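Chemist: Handing you a structure now.
The values are calculated or read from the model by the stated rules, or taken from the named source; none is laboratory data. Keep in mind that this is a model prediction, so the values were computed, not measured. Virtual Cβ from ideal backbone geometry, glycine too; neighbours counted across all protein chains shown.
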Amino acid sequence: MSKKDPINELKTSSFDRRLSIAKTSLNIGRRWVANGALGLFQSKDTRDSNNRAFAKQQAQYLVDELGKLKGSVVKIGQMLALYGETILPKEIVDALHTLDDKTAPLSWQSIYRTLYDELGERIHALNIDEMPIGTASLAQVHRATIKDTGEQIVLKVQYPGVAAAIDGDLSLFKQLLKITNIVPQTRALDEWFEEIKTLLKHEVDYTREAATTQRFQALLADDTRYIVPTIYPEFSTPRLLAMSFEHGLSLNDPKLSTLSQSARNALGHAAMDIVMQEIFVWGEMQTDPNFGNYLVRIEPSMANNGNPQLVLLDFGAVKSFDTPLISIAQNLLKAGYYQDKQAMLQAMTGYAFFETMSETVRSDMADVFLLATEPFATKTKLSSYAKTHCLDNEGHYRWAHSNLYNRTTALAAQSMQSREFSLPPKEMMFISRKFIGAYALLSALDARTDSEQLVGRYLR
């Protein structure tokens, strides 16, 4: 829960949001000029140190202002944080990574008005807690009790005006990128923004999310490792989603560290197996790997052989992928399983993003993919480094000990130096986003997984 003071009203008009972004950009610009002038009278070491501190301060200011706006600009900032490692200063990336935590709640008065607009007199059937249990860029969540039955539910309340502001927000953010020259204005960037627009409009359609949640609940109904909330249609609308309250621990709860290694392994395997089923079985993927979308229920469950269960909370950002792309993703994982570079290069053919690369760059990118798929490789094909540093005595991959994210990022940065930066294609971006989130989750759990169980069974 955010500790920031509640916001009474959101800036929802196009004019207000444009003015806010313009003021923010102007303030940052003025401060940079002033800081640069001050640096003229300082030594190089002092100037460099002050510039880093100043960049950190201004990045935090930008994040705070974006958090006040909420909506799509925050969502875009969060996504840019995932892909900005190679093109943005560390201070900006670090600040963007905090956007989830920096969003201030909307005041109860404003939330109540929204609830009444959506429910009408049905609101009187509920006792609703005024204090939110969660805030995000597009909505905040309140606990409630159904008076007649005593059932505990949660209400995901969309911020007023958020849906209508999506087109304008995207235009604003793209203009901000252009002014600051953070990334080149390319066709790939245009396509990325169009994909973001589609995904965001899906996320603000709670009728669609309700149906998707019910579909995933049906898909996982016989798998006791997972808990998917039950939808309450009588209290749901296109802008309000009512679900069963599901208790559990957040992924950063210290109690998780007390779980046995086998319990953490089971949780990690369950989290990653979802990704494998999305790629090899379902052909659709929940593309928002935010830690806030998961809870862990640690009470021994007879239904789950005494292991903890993974609670899956959010199905707003679900995307279906076409058959060619799913085939490419499957072939990339297959090549990674065998750590076969020729197979990896073959898997990269037939897709425009890869076809435009030189042979050298494609080879470098294949090396990046081989490293990124290291946790899914059969043990006999792993590098000496991975065998020595990443496997336990049972041959299971130790995510927290692998340093995989840093190694992959460093290798990717090297390959990117050989060409002008280009955003990856929109579809690949969302798949890689899911994997980055899954890697972080398994590392946080200190889970250990068996590649044969995760990938090998799909290749037989």
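Chemist: Only one residue in Ala139, Ala144, Ala125 is aliphatic (A, V, I, L, M) and modelled with pLDDT under 95, so which one is that?
Modeler: Residue meeting the stated conditions: Ala139.
Chemist: Regarding Thr356, is this residue surrounded by fewer than 13 Cβ atoms within 10 Å (Cβ to Cβ), under 25 Å from the mean Cα position of the chain (by Cα), of a type outside the set (A, V, I, L, M, F, W, C) and at pLDDT below 85?
Modeler: Taking the combined requirement at face value, the residue does not satisfy it.
Chemist: Given the residues Tyr232, Tyr226, which is the only one that is assigned by TED's automatic domain parsing to the domain that holds Ala139, of a type in the set (Phe, Trp, Tyr) and either surrounded by 21 or more Cβ atoms within 10 Å (Cβ to Cβ) or closer than 30 Å to His269 by Cβ (or both)?
Modeler: So the residue among Tyr232, Tyr226 that is assigned by TED's automatic domain parsing to the domain that holds Ala139, of a type in the set (Phe, Trp, Tyr) and either surrounded by 21 or more Cβ atoms within 10 Å (Cβ to Cβ) or closer than 30 Å to His269 by Cβ (or both) is Tyr226.
Chemist: Based on this model, can you work out whether Asp148 counts as farther than 20 Å from Leu295 by Cβ and part of a loop (DSSP other than H, G, I, E, B)?
Modeler: yes
Chemist: Quick check on Gly268: is it under 30 Å from Arg113 (Cβ atoms) and either assigned by TED's automatic domain parsing to the domain that holds Ala444 or without any contact (Cβ under 8 Å) to a residue 12 or more places away in the chain (or both)?
Modeler: No; evaluated as a whole, the condition is false for this residue.
Chemist: Same structure, new question: Can you tell me how many residues within region 151-168 are closer than 24 Å to Phe291 by Cβ and either within 22 Å of the chain's Cα centre (by Cα) or surrounded by fewer than 18 Cβ atoms within 10 Å (Cβ to Cβ) (or both)?
Modeler: Residues that pass the stated criteria total 8.
Chemist: Does region 332-344 contain any residue that is outside any helix (DSSP H, G or I), in contact with a Lys or Arg (Cβ under 9 Å, 6 or more places away or on another chain) and in the same structural domain as Leu441 (by TED's automatic domain parsing)?
Modeler: Within region 332-344, one or more residues are outside any helix (DSSP H, G or I), in contact with a Lys or Arg (Cβ under 9 Å, 6 or more places away or on another chain) and in the same structural domain as Leu441 (by TED's automatic domain parsing).
Chemist: Could I ask something else about it? I'm told Arg433 meets every condition in (1) surrounded by fewer than 16 Cβ atoms within 10 Å (Cβ to Cβ); (2) modelled with pLDDT under 90 except one. Can you identify the failing condition by its number?
Modeler: For Arg433, the exception is condition (1).
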